[in-house]
Structures are given as C-alpha cells and as structure tokens.
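Derivation of every value follows stated rules applied to the coordinates shown; laboratory data play no part. All of these numbers come straight from a predicted model, not from anything done at the bench. Please note: Cβ atoms are built from the backbone with ideal geometry, for glycine as well, and neighbour counts cover all protein chains shown.
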Amino acid sequence: MNLAEELLQDRGFNGFSYADIAGQLGVKNAAIHYHFPSKEELGIAVIKRYRERFKLWVNNSRIKDLSYPEKLDWFFNIYSDFRVNNGKVCLVGALEVEFNSIPEGLRKEVEYLNRETLVWLEAILAEGREAGAFQFKGTPASKAAVIYSSVQGALQMARALGTKKFCEVVEQNKQDVLV
C-alpha cells in the first residue's frame, strides 16, 4: 500500500499498474491481486488508510493543543512534506486530476477525504477568526476551499516551477489570514 500511495502521488491512478508494484516488490502480479482483486480496491484501501491517518493526526493531543496559527502551519507542513519528498503531489489532488476517469468507488473515497479535510480546515479558520488569530473576508468554508485548492495547485505548479513557487503560495495563504 505504501508503494501504491507513492505511485498515485507520482503518476496518478491511471499512470501505474500492478506490474509496476510487483516489479518493485519482486513478486508476481498475482500476489498483489490476492490482496486487492482490483486496482479500484487497492486505490480505495490507500485512500481509506490516508483518511484514517488524517483523523489520527487531527485528533492527536499535540495537534489539538496547538494555537490556531500553529494548526494552520501544521496543515501546510503536510503539503510541504509532499513537495520535499521528490516532488510528490497531494493524494487527493492527484486523483482529482483524473476524477472523471477513475472508478466510482474511488471517486467516493476522494470525495469523503476532501470533505473531511475541508470540514477540519473550516473549523480551524472559524475558531481562529472567533479567537482573533485570523482575519479574512468571506465565510470560513469559502476560505478553507481557497486555501486547500491553492495548496494542491501549488504542488502541481511546483513540479514545473520548483519549490520556491510552492513556498510563496503557502506564505501568501498565511499572510491572507493571520492578524
């Protein structure tokens, strides 16, 4: 599943096959099919695992105890780690590019992960604004969507323009909300 996640982030769902996984692991395709009869099931398992990790992260007492600006930094660091890690993109962002061509079950998991991420980010922005840590125009839901989409887009753009451009987008997002 780790390798499938890496391949999804690097090549997208339609850009790899069981043969790619089997070759890197030194096993036969049948060994992969035994655990995941279809590529859709593998993709769903990867997204579900990521959703569970995200829930663990946001519910971790270390994250919960951070200030609102620190929580926002923590969120940005998730994406910074993708950029530093060989120019990978967000798992959701990679699958959104192919959204119309991926299987229905996988689309549903992508939707769930998107919603969960946006709900968390919206709550942080709303609570942070109420506490006086953030200031922005519009609703927390709209601002969450702008931040989330810009960071995903910045990861894509950084593949061509480099990490500096990604960092500029993150810094602009911070400047747009911090008091």
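Side notes on the structure shown:
- Charge sum, other residues only, whose C-beta stays under 11 Å from Y50's C-beta, Lys/Arg counted +1 and Asp/Glu -1: +1
- Annotation for L25 and E98: the two label points, set 7 Å from Cα along the Cα-Cβ direction, are 1.7 nm apart.
- Relative packing of peptides 93-104, 49-60 - highest average C-beta neighbours within 10 Å first: 93-104, 49-60
- Dipole magnitude for the chain: computed about the Cα centre from +1 point charges on Lys and Arg Cβ and -1 point charges on Asp and Glu Cβ, it is near 120 debye.
- Label-point gap, in nm, between M1 and L161 - each point 7 angstrom along Cα→Cβ: 3.6
- Annotation for D176 and R51: the two label points, set 7 Å from Cα along the Cα-Cβ direction, are 2.7 nm apart.
- Ratio of the Cα radius of gyration of region 46-92 to 2.2 N^0.38 Å, where N counts its residues: 1.22
- The long axis of helix 68-84 is offset from the longest Cα principal axis of the chain by roughly 30 degrees.
- Hydrodynamic radius of region 44-177 per Kirkwood, over alpha carbon pairs, in Å: 15.4
- Computing FRET efficiency as 1/(1 + (r/R0)^6) for K137 and N60, where r is the C-beta to C-beta distance and R0 is 35 Å, gives about 0.65.
- Packing-based order for 61-70, 167-176, using average beta carbon neighbours within 10 Å, highest first: 167-176, 61-70
- Formal net charge of residues neighbouring L161 (Cβ-Cβ distance under 14 Å; K, R +1; D, E -1): +3
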